[in-house]
1. Every residue in segment 271-298 that is closer than 19 Å to residue 139 by Cβ, outside any loop (DSSP other than H, G, I, E, B) and more than 24 Å from the chain's Cα centre (by Cα), please.
2. Under 6 Å between Cβ atoms, which residue pairs at least 6 apart in sequence (or on different chains) link something in segment 228-250 that is under 16 Å from residue 301 (Cα atoms) and in contact (Cβ under 8 Å) with a residue 24 or more places away in the chain with a partner that is among the charged types (D, E, K, R) and not in a loop (DSSP other than H, G, I, E, B)?
3. Return the residue satisfying two criteria in turn: it lies in segment 133-155 and is in contact (Cβ under 8 Å) with a residue 40 or more places away in the chain and open to solvent by 20 Å² or more (accessible area, probe 1.4 Å), and of such residues it is farthest from the chain's Cα centre (by Cα).
4. Out of the residues in segment 19-63 that are open to solvent by 20 Å² or more (accessible area, probe 1.4 Å) and assigned to a strand (DSSP E or B), state the one that is modelled with the lowest pLDDT.
5. Starting from segment 156-180, keep only residues that are within 22 Å of residue 59 (Cβ to Cβ), then list their pairs with residues that are in a strand (DSSP E or B) whose Cβ atoms are within a distance under 7 Å, requiring at least 6 positions of separation or different chains.
6. Looking at the structure I just gave you, is residue 335 within 20 Å of residue 57 (Cβ to Cβ), of a type in the set (Val, Ile, Thr) and either in contact with a Pro (Cβ under 7 Å, 6 or more places away or on another chain) or open to solvent by 20 Å² or more (accessible area, probe 1.4 Å) (or both)?
7. Of all residues in segment 237-253 being in a strand (DSSP E or B) and open to solvent by 30 Å² or more (accessible area, probe 1.4 Å), which is farthest from residue 57 (Cα to Cα)?
8. (1) at pLDDT 95 or above; (2) closer than 30 Å to residue 64 by Cβ; (3) crowded, with 17+ Cβ neighbours inside 10 Å; (4) not charged (D, E, K, R): which one isn't true of residue 267, the others all being true?
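The values are calculated or read from the model by the stated rules, or taken from the named source; none is laboratory data. Since the model is a prediction, treat every value here as computed from it, not as a measurement. Note that we place each Cβ from the backbone using ideal geometry, even for glycine, and neighbour counts take in every protein chain shown. We work out accessible area using only protein heavy atoms, side chains counted, and drop any ligands, DNA or RNA first. Shrake-Rupley method; radii C 1.70, N 1.55, O 1.52, S 1.80 Å.
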Amino acid sequence: SAASDVYKRQYLYSVKNVDYIIVGMGIAGLVFSKTLRDHGKSFVVIDSPKQGATKASGGVLNPTVLKRFTPAWNTVEFVLKAATFYESLARDIGQQVLSGVAIHRILASVEEQNNWMVASDKEILSRFLSPKILKNNNKAISASFGLGAVTQANIMKPYALLKAYQDFLKNHNQFIEAQFDYQELVVTKTAVQYKDIKATKIVFAEGSGVVHNPYFSVDVSPHGKKVFVGNKGEYIIIKAPELKSEAILKGPVMIIPLGDDLYKVGASYGRDDYSSQTTKRACEEISEKLSKMISCDFRVVDQVTGIRPTVKDRKPLVGCLQNTKSVSFLNGLGTRGLTMAPQLAAHLYRYLERDVPIPEIIDIKRFAL
């Protein structure tokens, strides 16, 4: 709108010098901007209004891999950092960010019952998996072998959180809603300039949009396998009045209660698919898996999609590709970005500001040309 254009011109004119420009406002951009704020650094976030993976995600912070009853990678480190970080974020924006939630894994056999009990006795998993197998008393849930309960799990509403934090940044004149134009960026070894904004550093936190970034020059394996692989995920929203489940259910898919008899169910996985449209195939696939988990009727009322930023070695991309700290990346957070983002942002900040080395396993330089 004309009013929006005037606002952008006035805003760009008023912001002359900042420490950082952040491109992207998914969970990576949000968390890094909060990290900068906590350290007294000035910044501006630039983001387009397109829907990203964070907005479409299930919002579940699960410390385990429930397919195989194993801990998620570095789960203790990530979970501890995330808990304190999101508590602080809640105070900043004046609203709750995380809520504790029960996750119940539907056990499909006696063998899975045994595997669950063995897993719950292991040192790391004992804090996350209850050793007691729950009896299923809900006739709408198909779980004749019982349920395994995950402890220390949390849930957030990603779309609402991003909206609230954008509003928070707008109130502090730190957010511009616009498509980033790479041709307008000038980079030197000690600074960057974007239109009328001058900064010492720019951090790209664009998620799957990074494939269009000319500064994202990464290696490709001899077999032609890409470093960065977009992974399209779709969820369906169902209405199931008879289900009456307050816990998240995990089986072939995850069933996430939304209230008012609505549930978010998914997700699908589509490698190398960067399209933003939902598909009938994904809806049918998710519905078929759902039917194996519940015995009550349900009706699909909506469908959402996002592109997960995943990497071929399943580890994030953090740091700088060139021999300068002017341009850096916080990307490749994959399916567990909500949990990992606070610790990854801390690694990037410490590297950029204090020259603390980024752990090799997540350093983007492992793929540098």
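1. 291, 294
2. Sorted first by the residue in segment 228-250, then by its partner, the pairs are 235/264; 237/264; 237/302; 239/299.
3. If we take residues in segment 133-155 being in contact (Cβ under 8 Å) with a residue 40 or more places away in the chain and open to solvent by 20 Å² or more (accessible area, probe 1.4 Å), then 139 is farthest from the chain's Cα centre (by Cα).
4. Restricting to residues being open to solvent by 20 Å² or more (accessible area, probe 1.4 Å) and assigned to a strand (DSSP E or B), the top hit is 60.
5. These pairs meet every condition: 166/175; 169/45; 169/175; 175/45.
6. Yes; evaluated as a whole, the condition is true for this residue.
7. Of all residues in segment 237-253, those in a strand (DSSP E or B) come to 237-239, 248-250.
This time we only want the ones that are open to solvent by 30 Å² or more (accessible area, probe 1.4 Å), so: 239, 250.
Values: 239: 18, 250: 15 Å.
Top of the filtered list is 239.
8. (1)
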